[in-house]
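Reading through the structure tokens given below for one structure.
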Amino acid sequence: MKRISLSVFSVLCLLCAPGIANAQRVTAGYVSKDLNYLPFFIGLKKGLYAREGIQVDLVSIGRADVQLQALVAGELNFANINADNIIVWNERTNGNLKVAAGSSNAAPYLLIGAKNIKKVDDLKGQRLGVASLTGGATSILLAYMKSKGLVHPKDFSLAIIAGGTPARLSALESNAIAGAVLGIPFGDIAVDRGFTKLGDTTEVISNYQFNNININPAWAEKNRQAVVKFIKGHIQALRWIYDHPADAADFLTKELGLQEPYARRGIDYYINNKIYPINGNVTLAGLKVNIEVQVQDGIIKGTPPPPEKYIDVSYLRQAQKELGIQ
């Protein structure tokens with residue numbers, strides 16, 4: 001595994017907490033500036049982490065697999081990525097990474113085609129943009145395409161586009177790819193710009209443990225209070241979004257550059273469909289779907305394990321208790 005040096009973080013760290021006396025400093029990764037990562041930006045900008053007594057550096061790492069490598073190497077304390085990555089890593093390496101809390105407990109994606117693509121069958125022989133070759137949005141894309149009769153790699157190829165949904169939209173606009181799954185509300189933006197909506201992936205996968213706070217127990221068990229404090233800040237950010245949807249949409253526009261009315265449309269969608277787990281809970285039903293996908297992909301052999309194998313919610317329960325939620 002290629003080690004990622006801390007010097008890289010010094011370049012990629014776009015948002016760093018101001019100094020807090022006697023506070024532990026931690027690093028948390030994010031893939032892109034979109035709705036799935038909004039709670040982490042709110043936690044930082046609104047001072048919710050600082051209120052708990054920790055300094056958080058949000059590190060821009062545009063690929064989930066690279067975040068995973070950094071977590072394993074001990075150069076990232078929290079990898080905020082899809083549960084699939086944790087499952088795949090643990091199964092392939094006999095690893096012990098854990099999902100510690102939920103962040104986006106569903107994966108609403110639209111399959112968007114280039115302007116010359118009019119139906120799913122037109123993607124045969126084309127190149128589709130993905131964040132990584134396995135897990136997360138890629139697993140969702142492959143499952144959706146398979147349901148329509150197109151199987152990778154026989155019928156189409158994949159191109160890694162670092163930077164999440166916004167980067168995949170840019171790749172569509174530059175004709176670098178013929179299609180991709182785009183999250184809400186970027187799928188709407190693409191349609192308004194003349195790209196083709198080919199389908200909604202929730203037709204195939206409606207329940208999914210999509211984005212999480214993931215930990216490496218080798219570090220987390222020695223830094224329990226820091227983990228609990230980070231999750232407490234995260235929960236408060238989630239609850240702030242629910243309590244202040246208009247302000248959250250304004251934050252999306254001013255801080256993350258998402259134009260109105262798309263920002264408010266996205267916030268309303270995530271709140272109304274309870275994509276954000278208001279208390280940071282992990283959906284075990286959704287995680288079972290993640291496991292089923294990995295069984296279908298051949299990562300998990302034999303009888304599927306229970307979702308509890310991949311989670312450790314003890315930090316979450318302690319955070320909830322300290323916040324008076326339990």
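The values are calculated or read from the model by the stated rules, or taken from the named source; none is laboratory data. Predicted model, so just to flag it, every value in this text is computed and none were measured. Using ideal geometry, Cβ is built from the backbone for each residue, glycine included, and neighbour counts are taken over all protein chains shown.
Of the conditions (1) within 24 Å of residue 54 (Cα to Cα); (2) crowded, with 16+ Cβ neighbours inside 10 Å, residue 218 clears all except one; give me its number.
The failed condition is (2).
Name the pairs whose Cβ atoms lie under 7 Å apart, with the first residue in region 159-175 and over 18 Å from residue 36 (Cα atoms), the second modelled with pLDDT under 95 and surrounded by fewer than 17 Cβ atoms within 10 Å (Cβ to Cβ), and 6 or more positions between them or separate chains?
If the second residue must be modelled with pLDDT under 95 and surrounded by fewer than 17 Cβ atoms within 10 Å (Cβ to Cβ), the pairs left are 160/133.
From the residues in region 183-198 that are in contact with a strand residue (DSSP E or B) (Cβ under 7 Å, 6 or more places away or on another chain) and modelled with pLDDT of 95 or more, which one is surrounded by the most Cβ atoms within 10 Å (Cβ to Cβ)?
Looking at residues that are in contact with a strand residue (DSSP E or B) (Cβ under 7 Å, 6 or more places away or on another chain) and modelled with pLDDT of 95 or more, I get 190.
Restricting to strands (runs of 3 or more DSSP E) lying wholly in region 35-129: which have 2 or more residues that are among the small types (Gly, Ala, Ser) and modelled with pLDDT of 95 or more?
Hits in region 35-129: 98-104.
Only residues that are at pLDDT below 95 and within 17 Å of the chain's Cα centre (by Cα): list them for region 253-269, please.
Once the filter is applied, which keeps residues that are at pLDDT below 95 and within 17 Å of the chain's Cα centre (by Cα), region 253-269 yields 256, 266, 269.
Taking residue 119 as the residue in question, decide whether it is farther than 26 Å from residue 306 by Cβ, touching a residue at least 60 places away in the same chain (Cβ under 8 Å) and among the charged types (D, E, K, R).
For residue 119, the condition - farther than 26 Å from residue 306 by Cβ, touching a residue at least 60 places away in the same chain (Cβ under 8 Å) and among the charged types (D, E, K, R) - is met.
Just to be sure I understand, how many residues within region 57-67 are of a type in the set (A, V, I, L, M, F, W, C) and either touching a Lys or Arg at 6+ places or on another chain (Cβ under 8 Å) or without any contact (Cβ under 8 Å) to a residue 60 or more places away in the chain (or both)?
Total meeting the criteria: 3.
Out of curiosity, is residue 238 crowded, with 18+ Cβ neighbours inside 10 Å, farther than 30 Å from residue 122 by Cα and under 18 Å from the mean Cα position of the chain (by Cα)?
Answer is yes for this residue.
Suppose we filter 285, 249, 319, 263 for residues that are surrounded by fewer than 16 Cβ atoms within 10 Å (Cβ to Cβ) and in a helix (DSSP H, G or I); which single one remains?
Within the list 285, 249, 319, 263, the selection yields 285.
Taking the conditions exactly as written (touching a residue at least 12 places away in the same chain (Cβ under 8 Å), loosely packed, with under 15 Cβ neighbours inside 10 Å and either of a type in the set (Val, Ile, Thr) or not assigned by TED's automatic domain parsing to the domain that holds residue 187 (or both)), does residue 277 satisfy them or not?
In short, no.
Tell me, yes or no, whether region 147-158 has at least one residue that is farther than 23 Å from residue 309 by Cα and β-branched (Val, Ile, Thr).
Checked region 147-158: at least one residue is farther than 23 Å from residue 309 by Cα and β-branched (Val, Ile, Thr).
Between 241, 184, 231, which is closer than 22 Å to residue 128 by Cα and either free of Cβ contacts under 8 Å to residues at least 60 places away in the same chain or among the β-branched types (Val, Ile, Thr) (or both)?
Exactly one of 241, 184, 231 is closer than 22 Å to residue 128 by Cα and either free of Cβ contacts under 8 Å to residues at least 60 places away in the same chain or among the β-branched types (Val, Ile, Thr) (or both), namely 184.
From the list 128, 172, which one is surrounded by 21 or more Cβ atoms within 10 Å (Cβ to Cβ), farther than 26 Å from residue 267 by Cβ and among the aliphatic types (A, V, I, L, M)?
128
Looking at region 199-209, which of the residues that are modelled with pLDDT under 90 and assigned to a loop (DSSP other than H, G, I, E, B) is farthest from residue 234 (Cα to Cα)?
Once the filter is applied, the top-ranked residue is 204.
Being surrounded by fewer than 16 Cβ atoms within 10 Å (Cβ to Cβ) and in contact (Cβ under 8 Å) with a residue 40 or more places away in the chain is the requirement here; does residue 255 meet it?
Yes, satisfied.
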